[in-house]
Amino acid sequence: MNAAEELKALLPGSVISTGLQLNKPMAVIKKEDLLKAAGKAKDIGFDHLSVITGIDYKDHFEVIYNFFSYSKKQNLALKVNLDHDKPEVETLTSLWNGADWLERETFDLVGIKFIGHPNLIRILLPDGWNGHPLRKDYDMNTEQFVTIGENGDDVVSPDGTNLLRRK
Amino acid sequence: MWTGDIMTEIPNGYELIVFILKFIGIYEPINNVFESFGLEYLLRIIIVVVEIGVLFVFILLTVMFLTWMERKVVAMVQARYGPMVTGPRGLLQPVMDGVKLIGKEDIIPAKADRWVFTLAPFLIFIPALLVFIPLPFGPSLIISDLNVGLLYIIAISAISPIAILMAGWASNNKYSLMGAIRAVAQDISYTIPLALSAIAIVLLTGSLSTVEIVTAQSGTWFGFIPKWFIFLQPLGFILFLIASIAEMGRIPFDFQESESELVAGFFTEYSGMKFAMFFLAEYAHLFSVSAIVVTLFLGGWSVPFINFLPAGLAVLVPIISLGAFLIKTYAIIFFAMWLRDTVPRMRIDQLLNLGWKIMIPLALLNLLATAILLTAGVFK
Amino acid sequence: MESDELFINMGPVHPSTHGVARFKLRMDGENIKECTPVIGYLHRGTEKIGEMKTYLQFIPYTDRLDYISAFPNNYAFVKAVEELAGIEVPLRAEYIRVLTMELNRIINHIVSIGSLLMDLGAATMIMWGFRERENALQLFEMLCGARMTFNYIKPGGVREDIPDGFMPKLNEFLKDMEKRIDDYEQLINGNEIFHMRMKNIGVINAKDAVNYGWTGPTLRGSGVDYDLRKYEPYSIYPDLDFKVCVRNEGDSYARFIVRMDEMKESLHILRQVVDNMPASKEISSAEYGIAPMTGTPTGVSTYFPRIFTPPAGEVYSRIEAPKGELGFYVVSDGTTKPYRVKIRSPSFCNLTAIPSLVKGLKIGDLIAAFGTIDVVLGDVDR
C-alpha cells in the first residue's frame, strides 16, 4: 500500500481522503491535525520537506506539503483545506527547520497565517506592502512605491512622494 | 678584486660624481670659482642635491614601471593580455593613471581632521624613499654608507604604523579606524621576525653596514657556488621573505583590501593625488624590500664571475654590477607578484597566529643555531 | 578588551554576495553573534506572471530564474507540463536536452568555484574558468542563438536541431576541458592557505542538512548519498552510467570538492551522450511535429500549438539542477493558462541555514561558507 494509505491506517481520524497527485500518493488532512499528521509522516521516514504551496481557490485556500523519504525513496503529499476568510494553520517549524522560510514566503505572497511561527514577517516583499499578490482578488492596478529609509530598511508608500524623482 | 679597489677609493655616490667631474676635467675650475666667493660648501650641496635627484628620478621611474609590470604579470598568469592600448604594449599606462588621478577632485570629509588627513600620505611616502639611502646599487652607487645601515633601514620601516594610524584616525570613519588598527597589528607583529632574521646576518658579518655585508658575499666556494648568505641561512631567507611580504600587505596577507573588511581599509576616504601617494608608497616599498632581501641574502651587486673579466674592461664593472643587482631585485619582485596571483588570502587571526606563534620561535631558533655554529668556527 | 556589539550591514551592493543580498550582522569584535539575511531585492513576481501567460509564453520567464544555468530551469517547467498533458518526447530530443543540461552543469560549477576563489583572493581561477566558459557559450550560441537566456526546450522536444559544425566543436571542448580541470585541481586543491580557510568552516551534519531542506552538491558534501538523476531518474538518465559524488566531512572544503568531482562526472556523461546520440532527425513529439522556419540553421523548428490546454490536475516535478533540487508545482484548470505555478528553488532553500551556519565565525568565514552554498539571487527571489 502506498504511503498515503499507510498514513490513513495510522491516523484514521485525521485523514479525510487519499488520492493521487498525478503519480504521487496524496492525503487530505483535517486542518487541526496537520502537526500530528506531519509528525507521524516524519516518523515513518519522510524526512525531506520539499515545498509548501499555497493556492487561492476563490472559495477556499489550500496548502500542499510535499515530502520525500531518503531511506525509502518514496513521495508523499499532504493537503489541507482552509476557510477563505480566516486562512490559518499550524506551523511545522518545530519539526523541520527548513519550513521557516517556506512558510514565511507563503504568508507573504498568499496570505496564509501559520500559528506558532517564530518570526512571521514578509520575506520577499518589503515590510510595509499592502495586500498579498498571489490571491486572486489582488488589485493589480494600484501602484505602491518603495524607497530606502534612514537605517537601510525599505519604506513603502502608495504615492510617489518619497521618491527623489517624481513620476 | 675589482670591487674592492673601487670601493676604497670611491666610497659613495658623492665621491663618484666628484670623480667623474675630475675625469672630465671641470671639477677644479668650478671649485675655484666657488672658493673665490668663499662658498665652497655650496658646490658640495649642489652635488648632493644632484645625487639625490638622480635617485629620486630612478625610484619614480621604477615605481611607474612596477605598476605596469604588476598588471602585465597578473595578466600573463591569468591567460590574458593586460594593458595594450596606451602606448606600445601598454607602457604608457602608468602615465595615464597618474594623469587621471591628478585630475580627480580632492575630497576631504567634513568632520575629518584636515592637517592629519593631509599629512598622512606624505608620512607614508617619505619613509619609503628614505630607506634607499644606505642601499648599495653598485660598487660606489650608494648615497651614504652608514655604519648602522641595517639598523637605520629597520627603524625607518617602523615609522609606517604611525602614519597608517594617522590616516585611519583622521578619516572620521569607524571602518577606516578598524582597518588601520588591524594594519598596525599586522605590521608590528611581522617586524619582529624580520629584525631577528636580519640580526642573524649581522652575526655572520660582524657589521651593520650594508656595504660590508655585500663585500662579505663576494667570491665563490669550490669555484662555482657564490658565497651568498642564502646558502648559509636558508631558514633566515624564507622567514625574511615571508615577513617582508606580510609587511607590505600583499596577498596572501592582504586582508586590508579584501572584502572581508567590507570597505577598502584605512585609505577609504582618500581620493585623487593622496590616493596615488599610497599606491606609489606601496610600490616603492616593494622595490626597497626586494633590494634589501637581495643585499642581505643574495649578494647585493656582487657577480661571482667578475674576476674572469679581462683587464681592459674594468670600467664596465660598475655597470655589470648594477645590472646584476637589478636583475636579482626584479627576480624577487616577480616572485612576489607571482605569489599574489596564485594563492588565496589568509584570515586575520590565522595571519597573526603565523606571525607570533610560528615565525618568532623559528627566527629565534635560527639566531641560536647561527650563534652556535659561528662560535664553533664552522663559518670562517 | 571588552567592546560593545557592533552592527554591520553587508549591504545589497557588495562584491562578495553573488547578487543583491543583504546581511544584517551583529558582531562582537570579529565574531558574528547573529546574522539575518534580507532578501527580496530581485523579486519580479514570476509566480504571478505564470498565472497570466500561457504555457508556451511562460518558458522564457523560467530562463531568468537562475540565470547562470538556464537550461535546467526550462526543462523543469517543461517536464511538469509534459507529465500533466502526457506528451511523448522522441529519443533524439531527450539526448539533446541532456547534452545541454550537462554542459550547463559544468559551466555553472566553473562560475561557482571561480567566484568563491575570487572572494578569497585568488583571482586566477575565475579568469581561467571563464576562458572555458566562453567556449561553451559559443557552442550554445551555435545551437540556439543566445548565450544566457536560451528558451530552447519546449514541451514535446527541443526548438531546433543540432547544426552542422556543432559536434566537432563539442568534441574539442570535451578534450580541452579534461586537461583544464586537472589544471584547476593542481592550482588550488592542495594549497595550504586554502585548506586553512575552508576546512572545518561551516560544518553541518547530515541530519541537520536534511532538516533544513538542503539538496544538491551542498547536501552531498555532508554525506547524504542522494542524486535525483540516479534515484528518481527522468529523461535518459537510466541508460547513462555515472557516479554520485559524495563527501562525508560536511565542511566548506567538502562541498568544494564535490563540485570539482561533479564537473568530471558531467564530462563522462557528455561523452556517453555524444557517442550514443540517435541518428534520427525527430526533435519534436509526434503529435506536434515540425514546421518550416526561416533563419534557423536547419530550416525547421518544432511546432507547438498556440492553444494548448492540458487536462485539469496538479503535478509536482523536480529535477537535479546544478544548484540542487529545482521543482515546479503546476496546477492546471483546463484553460490555456496555468492556475498556479509554484517554483521550489534550490538557492532559496539552501539559504535558510546561513544564520545557524555562521554563528561564532568571522566575516571572512561567512564569505567562504556563503560561497560554497552557491546562491544566485535570481533563484532566491524569483
Query raised in the report: Does segment A:59-70 contain at least one residue that is within 28 Å of residue C:51 (Cα to Cα), touching a Leu at 6+ places or on another chain (Cβ under 9 Å), hydroxyl-bearing (Ser, Thr, Tyr) and within 13 Å of chain C (Cβ to nearest Cβ)?
Result: yes
Query raised in the report: For segment C:128-149, how many residues meet the condition of being more than 10 Å from every other protein chain (Cβ to nearest Cβ) and assigned to a helix (DSSP H, G or I)?
Result: 14
Query raised in the report: Since residue C:359 meets every condition but one in (1) within 14 Å of chain A (Cβ to nearest Cβ); (2) touching a strand residue (DSSP E or B) at 6+ places or on another chain (Cβ under 7 Å); (3) within 23 Å of residue C:42 (Cα to Cα), which condition does it not meet?
Result: (3)
Requested in this report: Name the residue, out of C:107, C:68, that is under 21 Å from residue C:380 (Cβ atoms) and in a helix (DSSP H, G or I).
Outcome: C:107
Query raised in the report: Do we find a residue being at positive phi, more than 14 Å from chain A (Cβ to nearest Cβ) and hydroxyl-bearing (Ser, Thr, Tyr) anywhere in segment C:223-239?
Result: yes
Requested in this report: Scan segment B:356-380 residue by residue and report those that are more than 20 Å from residue B:194 (Cα to Cα), surrounded by fewer than 14 Cβ atoms within 10 Å (Cβ to Cβ) and not β-branched (Val, Ile, Thr).
Outcome: B:376, B:377, B:379, B:380
Requested in this report: Could you please give the count of residues in segment C:211-255 that are of a type in the set (Gly, Ala, Ser) and closer than 19 Å to residue C:273 by Cα?
Outcome: 1
Report task. With the checklist (1) within 11 Å of chain A (Cβ to nearest Cβ); (2) free of Cβ contacts under 8 Å to residues at least 40 places away in the same chain in hand, flag the one item residue C:340 doesn't pass. Result -> (2)
**Report entry** strands (runs of 3 or more DSSP E) within segment C:230-331 that include 3 or more residues within 27 Å of the chain's Cα centre (by Cα)
**Finding:** C:313-321
Query raised in the report: So residue B:208 clears everything in (1) surrounded by 22 or more Cβ atoms within 10 Å (Cβ to Cβ); (2) of a type outside the set (D, E, K, R); (3) at pLDDT 80 or above except one condition, right? Which one?
Result: (1)
Report summary line: From the option list B:25, B:53, B:82, single residue qualifying as at positive phi, small (Gly, Ala, Ser) and exposed (fewer than 13 other Cβ atoms within 10 Å of the Cβ) is B:25
Query - Within segment A:58-167, strands (runs of 3 or more DSSP E) holding 3 or more residues that are surrounded by 12 or more Cβ atoms within 10 Å (Cβ to Cβ) - result: A:60-69, A:74-83, A:88-90, A:145-148, A:154-157
Query - Filtered residues of segment C:257-294 (kept if surrounded by 14 or more Cβ atoms within 10 Å (Cβ to Cβ) and in contact with a Gly (Cβ under 8 Å, 6 or more places away or on another chain)) - result: C:257, C:258, C:282, C:283, C:284, C:285, C:288, C:293
Query raised in the report: Residues of segment C:11-49 being within 29 Å of residue A:133 (Cα to Cα), assigned to a strand (DSSP E or B) and within 10 Å of another protein chain (Cβ to nearest Cβ), which ones?
Result: C:22, C:24, C:36, C:37, C:38
Query raised in the report: Which residue, of C:95, C:61, C:55, is under 22 Å from residue A:109 (Cβ atoms) and within 20 Å of the chain's Cα centre (by Cα)?
Result: C:61
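A quick yes/no check of all residues on (1) closer than 30 Å to residue B:174 by Cβ; (2) among the aliphatic types (A, V, I, L, M):
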residue	(1), (2)
B:65	no, no
B:89	no, no
B:99	no, yes
B:109	yes, no
B:113	yes, no
B:118	yes, no
Report summary line: Going through (1) out of contact with any helix residue (DSSP H, G or I) (no Cβ under 9 Å at 6 or more places or on another chain); (2) in contact (Cβ under 8 Å) with a residue 12 or more places away in the chain one by one, residue C:292 fails only at (2)
Query - Boolean, residue A:13 is surrounded by fewer than 18 Cβ atoms within 10 Å (Cβ to Cβ) and either in contact (Cβ under 8 Å) with a residue 60 or more places away in the chain or within 14 Å of chain C (Cβ to nearest Cβ) (or both) - result: no
Query raised in the report: Which ones in segment A:23-57 are away from chain C (no Cβ under 14 Å), in a strand (DSSP E or B) and within 15 Å of the chain's Cα centre (by Cα)?
Result: A:29
Query raised in the report: surrounded by 23 or more Cβ atoms within 10 Å (Cβ to Cβ), out of contact with any strand residue (DSSP E or B) (no Cβ under 7 Å at 6 or more places or on another chain) and under 30 Å from residue B:299 (Cα atoms), is that true of residue B:120?
Result: no
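Residue by residue, here is whether (1) without any contact (Cβ under 8 Å) to a residue 24 or more places away in the chain; (2) part of a helix (DSSP H, G or I); (3) in contact with a strand residue (DSSP E or B) (Cβ under 9 Å, 6 or more places away or on another chain) holds:
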| position | (1), (2), (3) |
| --- | --- |
| C:96 | no, yes, yes |
| C:114 | yes, yes, no |
| C:125 | no, yes, no |
| C:151 | no, no, no |
| C:169 | no, yes, no |
| C:186 | yes, yes, no |
Query raised in the report: In this structure, is residue C:332 touching a strand residue (DSSP E or B) at 6+ places or on another chain (Cβ under 7 Å), facing chain A (nearest Cβ under 10 Å), over 18 Å from residue C:211 (Cβ atoms) and of a type in the set (S, T, N, Q)?
Result: no
**Report entry** Out of C:164, C:225, C:182, sole residue that is out of contact with any helix residue (DSSP H, G or I) (no Cβ under 7 Å at 6 or more places or on another chain) and touching a residue at least 40 places away in the same chain (Cβ under 8 Å)
**Finding:** C:164
Report summary line: Within segment A:90-102, residues within 11 Å of chain C (Cβ to nearest Cβ) and charged (D, E, K, R) come out as A:100
Requested in this report: Scan segment C:312-328 and give yes if some residue there is on the phi > 0 side of the Ramachandran plot and away from chain A (no Cβ under 14 Å), otherwise no.
Outcome: no
Requested in this report: Take segment C:107-127 and flag every residue that is facing chain B (nearest Cβ under 9 Å) and farther than 23 Å from residue C:270 by Cβ.
Outcome: C:117, C:119, C:120, C:121, C:122, C:123, C:124, C:127
Report task. Can you give me the number of residues within segment B:328-355 that are surrounded by fewer than 21 Cβ atoms within 10 Å (Cβ to Cβ) and among the basic types (Lys, Arg)? Result -> 0
Query - Qualifying position, being surrounded by fewer than 17 Cβ atoms within 10 Å (Cβ to Cβ) and within 30 Å of residue C:32 (Cα to Cα), among C:359, C:337, C:323 - result: C:359
Query raised in the report: Which one of these is touching a Ser or Thr at 6+ places or on another chain (Cβ under 6 Å) and of a type in the set (Lys, Arg): C:359, C:337?
Result: C:337
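The values are calculated or read from the model by the stated rules, or taken from the named source; none is laboratory data. Owing to the predicted nature of the structure, the values given are computational and were not obtained by experimental measurement. So basically every Cβ, Gly included, is an ideal-geometry build from the backbone, and we count neighbours across all protein chains shown.
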